[in-house]
Structure formats: C-alpha cells, structure tokens
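This report refers to the structure that appears directly beneath it.
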Amino acid sequence: MFRNLVIGFLSVCCACSCVVSLSAESEDAVKKITFEDHIKPIFREKCLNCHNQGEAKGGLALDSYAATMEGGGGGEIVYDGDAEGSRLWQLVAHEDTPVMPPDQPRIPDEQVNLIRDWITGGLLENSGSKVSKKKTNLMAASGSVSGKPEGEAAMPESMVMQPALATSRAFAVTAMAASPWAPVIAIGGQRQVVFYHTESGDFLGVVPFPEGSIHSLRFSRDGSYLIAGGGADAALGVVAIYDVRTGDRMATVGDELDTVLGADVNESMSRIALGGPQKMLRIYDVADGELLHDIKKHTDWILDVAYSPDGVLLASSDRSAGLIVWEADTGRQYLNLTEHKDAINALAWRDDSNVLASASDDGTVKLWEVNEGKVLRSINAHSGGVTSVAFDHQGQLVTAGKDKKVKLWDASGSQKVEFPALSDWALQAAISHDSKQAFGGDWAGFVAAWSVENPKDSATQLPANPPLLQERIATALQEVKSTQGPLDVALKRLDELKADRGAIVTRKNDLRAQQELLQKQIDQQAGEVGGMEKKVAAEMESRNDLRRKVEQKQAEIGKLIKDGQEEGKVVEAEEGLVTVLQQLVSKRKQVVALSQSVASMSTAREKSKKEYDSLAAAVAAEEGKLAEKEQSLAEQEKAVTAAKSVNADAVKEQERWQNALQQFEERLERLTSIDVQADADDEDAQRLIDQAVLFKTVYSD
C-alpha cells in the first residue's frame, strides 16, 4: 500500500562513480567503531558530493557528526542501538527504497556491516567517545497484529484507591477511554484518572496526574498501559504512561508550555505523539523522552492525535478544521483532509487501520479511507457538534455531541442506538471491549453506563470524583450499623418463631402421647367387651337349656296329671320343676347382670373413642398451626439470610476500604521514606525514585 512507502527521504548517497576499497584493518585492532575513523570515510567516498554543508540534498549533510545526528528534512536517520530501525542503514543495505546509492550496485558488505555496527555500538563520534547507556523501554510491545494480548488482558490489581483530589462535585468529563480487551473504563479529570469495572461498576483504582487536568486518554494496543495527556493551561503540558495493573507511572514525556489536548502512543509503545494550543505536533521517543519530530503545519490548536493501529500512520486534527495524516516514522505529510467545516474534536481508527473517523463541530462524523483520502461516509451525527468518537472491534462507532446525546452507529454508519440524553453537553463517549456497554460523560461531570442491548434501562452512574478512602470507610461503617439493626430484629423474630414452633411441637407430642394411651385403653376395652359378650352368649345358652328343661318338666307334669298318676309323683315332678325354675331365674339374673356389664363397658369404650377423636382433632389443629409456623419460619429464615447477606456485604465493603487504606498508607510510607535526592544505580531504582516523587507531590499532605 502506498502509505507503507516513505516518500522523499534524503538521498543518503549521491551518484558517484568512484569506488574505493576500505582500508584493511583487522577486526581485533578495532576497539570501537567511530564516526571520524570509520564512517566518515565511507560517506566521503559515497555521499559527500551531494550531502555536505554546501549542498545538502533532502536537507541532509553527512560531512560532520553533528549534521549526521541532526538528520535531514524527514527527521533523524540513525537511532542509537537500532540499526534495523535507522533509515541510513535501511537504504544503504537495500532493505527499503529508495535504495542508495541510486542507480549503482549495493556498497560492499563490509561497509554496510560497518555502518550497522557503528549504529548498534552507540553512534560514537571519535576514539575518545564513550557508549552511553540507553534507557530500556520496558513497555515495548511485541504482541499480535490485532493487539490482543496472548494471556489475560490487563486489569487493575494493585492500583492505589486513594483519590489524588476529592471534590464535592465532579468537573467536566474531558477524557475517557475503554480498555480494548478488558472490562475497564478510565475517566480523566482534575489531577487524576479513575478506573471502573465496565460490567459491575466497581471502583478499581486511581492514578494521580499532579500536572493538572487530563484532556486525552488512550489505552495501548494490548490494553496494558494507559496514555494520559494534559497539564495546566498556559503553563505546562505532559503525557504520562501508566501500568494498568499496578497504576505505576512508567514514563513522562514532553514539556509543553501549554496543556496537551491530544496524545497517543504507537503500536510498539516506542513513540508518543502529542499536540495542543501551541499548534505543534511533537513526536517523542518513549524510552528516553527524546524529541524525534517537531512538526509545524497546523494553524490552530491541535485537538487530537491518533496513531493507526498498525503504527504506519499518525493523524492530527485542529480547531480550524485541519486534519492531516502523517507517515508515523518519518513525520512527513501523507494526506491533507479538508472536508470538515469546523473544529475537529476527536479522531479514531478502525482496527484494520484502513478507515479513520473524525468528529467535528460541524455536526458530522466523517469516515475516511486512507489510501487516497476519500470520504467513505459523512454522518450527520449530532446537532451543535460532535465531541467524541470511538470504534469498537466490530467496526461500530460510538459518538457524543453537544445535543447531550450519546449514539451508537453500525459499521455502515447507520444509527443503531440513541441513549437517553444527559443533563449537559456530552463531551466523551466510549464502548466496552465486548461492545455490551456504552459510556457517556458530560459537561456537568456525570458519567453514565448503559446496556447496549437494553439502552432504555436506567443508566449506572460512575462517579468521576470518588471520595477519599476515609470517607468510604465512614460510610461503610454507617452502612454496617444500619444493616445490623434489621439483622438483629430478623434474628430475634426467628428465635421467637422457633420458640413458638417448639411449643406447638410439644403440645402436639403430648396430645399424641395421650392418643396412644387412649388407643391402648380402647383396645383393652374392646377386648374386655368381646370377652364379656362371649360370657353373655354362654350364659344365654345355659339359660335356654334351663328353659327347655322347664318346658320338659311342665310337659311331664301335664302327662302325669293326664294319666291320673298319684299326687305324690305329681308333687315330686312339680318340686323338680320348681328347682329348674329357680335355676332359670338365677341364670336370667346372671344374663341380665352380664348384659348390663357389657352395655356399661361399651358405653365406656364409646366415651374413650370420642375422647380419642377429640384428641385427633386437637392434634390436627396443632399440625395445622405447625405447618403455618414452619411457613413463617421458612420466610423468616429467608429474611434473615437476606439481612445477613446485606450486612456481610456491608462488612466486606468496610473491610475492602480499610484494606485499601492500609495498603495505600504502607505504600505511601515506603515511597516517602526513599531519598529522592539520591543517585539511582539503575533504571529500576530511578523509576522507584520517580514514583516516590510523584507520591510525595500528590499525597504529602
């Protein structure tokens, strides 16, 4: 693609016909490779006819060390320790075009290698020069093309939770960014950046920015670092890089005379570009803060800058509708895009680096293809002006505008969602890494989080001005107290219900015991009645036998009388009848007595049965009461569980803030005990000193 070609770079070597072999010098004899002893002779052979102080083609002179270090019209041509990244070596080694010398064979390998070794050896000027130790860029990225980290995406782990500044109301939300791969949203404000979890809304931490207000926030491609630009109006402007996991400030770049309004880092975390009211686009080396390019082209305040995701291009926009795309490596202008009619407030690149979005006060968002600089789509996004724009991984756009609204647009540029209006101008918009939440921040300092799927649901507020940890602890303690009361009441009621249930169970068990005793009595009575009825039946049979005997005696007496038997025999028979009759009477009395006993026993048994039924009804009633009580108990246990959960959450929240305060105080004590005036032994020690200075500046009171 054309933008991969670096245009119009200096002619490192002129067309020269003379080829002179390099003086034979053994490798062992060369202790160091220097400009004066080794490189300048090559330039004298090959290049100085065109690149000297008198005739510096492409703005480049190579006849002195200082001129070579200064570079040409496109910027520096050599980078200390980085031969492959230096344009001088790329062109003479024919690793890139235009090859040098032009229209001639490649210079001998020993000369190419000597130039390479000179660069990697520290760019020494002469035999008395010493190699300066170059700072290591610990943030240098080497991730996937997409930027997605190979492991878990960076989340705040040990970030400080003590705000650098606590205010009663939030300031205008001037910067906001969502991590490209993790559920993290960063919100910039006065002297600090605050972090929240995009899904739960939990506060994750804060990083201090004592230089002033933050106007620009961007995450690195892999989401491991946050780049914050800002400062103090008409006084100071810097860009700070923070480790998202720890909150440590890893680098501070720039020394502007006014605040930074736009800043970004390239894909390899090696360069930072910034701009602001000074109208200068400046590009710095991240490792040592060296100014690489100082580009004057914009005629008004630079409002935003953005590297393409692949790091090839850099876009910058200004307050007078200027929009320029630059070659990121050389700083040369690549495209001048002129379709907007008013200030261009924000820029965003699509993941594939082929489309640039620009948001303007003219009310439009324009989508540019960057091969030829044509407008693919102009979206009338917000009346009054568009203040913010951001792409998600699907190519969708989220925008904010002075109509107080945040909107989501699909990849074709058609409106997909309009979120409920904010109370004031919407200054910032962002979308989560998974495109499920959208965020908007307004002039009044309100930050809202919406569900993309259910945008009409109530927005979650993310305070841009979180309170001090001491205030959080006091609030949490009050919450613990306020939740303990309902818990105590719930527990007391639960104990009462348990006692009531115990009383019911006791009564029920007593009734069941009485039932069991009565059942035994009824069973015994049934046995006794049965036995007595058998006796009655036996006595009645005996009585019937006597009755038959009476009838038999009566028949005998009748026959005796009929036959005219003697009176004596009749008397004897009658006396026998009398005896049987007496026995019959006695037997009848026994039957009556036994029958009366059976009746009495049956009556007693029926009475017992009624008592049993009464007890059964009483047991059933107690069981009904017990069932009701069990239901009440179950409901109360749920209430207790809920009250315990609320109380436990309050206690957990209190402990969270207390632990956060303790960790902060320990860290503060550790850092403030460091002698910041001491000389650092290495880069790690210097970085620790820098952290100590930062903490003392912010938290010394």
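The values are calculated or read from the model by the stated rules, or taken from the named source; none is laboratory data. These numbers come from a predicted model, not from an experiment. Every residue, glycine as well, gets a Cβ built from its backbone with ideal geometry; the counts of neighbours run over all protein chains shown. The accessibility values were calculated without ligands, DNA or RNA, using every heavy atom of the protein model including side chains. Shrake-Rupley method; radii C 1.70, N 1.55, O 1.52, S 1.80 Å.
Structure above, values below:
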quantity	calculated
Hits in region 83-105 (condition: of a type outside the set (Phe, Trp, Tyr) and either open to solvent by 60 Å² or more (accessible area, probe 1.4 Å) or without any contact (Cβ under 8 Å) to a residue 40 or more places away in the chain (or both))	ALA83, GLU84, GLY85, SER86, GLN90, ALA93, HIS94, GLU95, THR97, VAL99, ASP103, PRO105
Residue match in region 209-221 (condition: in a strand (DSSP E or B), open to solvent by 20 Å² or more (accessible area, probe 1.4 Å), at pLDDT 95 or above and among the polar types (S, T, N, Q))	yes
Selection count, region 311-339, where residues are without any contact (Cβ under 8 Å) to a residue 60 or more places away in the chain and in contact with a helix residue (DSSP H, G or I) (Cβ under 7 Å, 6 or more places away or on another chain)	0
Where a residue in region 395-407 is surrounded by fewer than 21 Cβ atoms within 10 Å (Cβ to Cβ) and its partner, wherever it lies, is basic (Lys, Arg), with Cβ under 6 Å and at least six apart	GLY395/ARG350
Selection status of TRP425, touching an Asp or Glu at 6+ places or on another chain (Cβ under 7 Å), touching a residue at least 24 places away in the same chain (Cβ under 8 Å) and among the aromatic types (Phe, Trp, Tyr)	yes
Unmet criterion (only one of (1) under 33 Å from the mean Cα position of the chain (by Cα); (2) under 23 Å from TRP326 (Cβ atoms); (3) among the β-branched types (Val, Ile, Thr)) for THR387	(2)
Residue under evaluation SER458, criteria (1) open to solvent by 20 Å² or more (accessible area, probe 1.4 Å); (2) among the polar types (S, T, N, Q); (3) out of contact with any Asp or Glu (no Cβ under 9 Å at 6 or more places or on another chain); (4) closer than 23 Å to THR364 by Cα, criterion not met	(4)
Output for region 536-582, where each listed residue is free of Cβ contacts under 8 Å to residues at least 60 places away in the same chain, closer than 26 Å to SER600 by Cβ and of a type outside the set (Lys, Arg)	ALA537, ALA538, GLU539, MET540, GLU541, SER542, ASN544, LEU546
Search result, residues across region 509-535 that are free of Cβ contacts under 8 Å to residues at least 12 places away in the same chain and farther than 20 Å from LEU584 by Cα	ASN509, ASP510, ALA513, GLU516, LEU517, LYS520, ASP523, GLN524, GLY527, GLY530, GLY531
Residue match in region 475-485 (condition: farther than 28 Å from ALA166 by Cβ, touching a Ser or Thr at 6+ places or on another chain (Cβ under 8 Å) and surrounded by fewer than 16 Cβ atoms within 10 Å (Cβ to Cβ))	no
Selection status of ARG507, at negative phi, open to solvent by 60 Å² or more (accessible area, probe 1.4 Å) and touching a helix residue (DSSP H, G or I) at 6+ places or on another chain (Cβ under 8 Å)	yes
Single residue of THR338, THR399 found to be in contact with a Lys or Arg (Cβ under 8 Å, 6 or more places away or on another chain) and on the phi < 0 side of the Ramachandran plot	THR399
Qualifying residue in region 636-648 (condition: free of Cβ contacts under 8 Å to residues at least 24 places away in the same chain and farther than 30 Å from LEU469 by Cα)	yes
Among the residues listed as ALA621, ALA685, the single one being closer than 20 Å to MET250 by Cα, surrounded by fewer than 17 Cβ atoms within 10 Å (Cβ to Cβ) and among the aliphatic types (A, V, I, L, M)	ALA685
The listed residue being in a strand (DSSP E or B) and in contact with a Ser or Thr (Cβ under 9 Å, 6 or more places away or on another chain), out of ILE227, ILE272, ILE283	ILE227
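The rows are residues; the columns are (1) open to solvent by 60 Å² or more (accessible area, probe 1.4 Å); (2) among the basic types (Lys, Arg); (3) within 23 Å of ASP329 (Cα to Cα).
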site: ARG44; (1), (2), (3): yes, yes, no
site: ASN49; (1), (2), (3): yes, no, no
site: GLY72; (1), (2), (3): no, no, yes
site: GLY75; (1), (2), (3): no, no, yes
site: GLY81; (1), (2), (3): no, no, yes
site: ILE107; (1), (2), (3): no, no, no
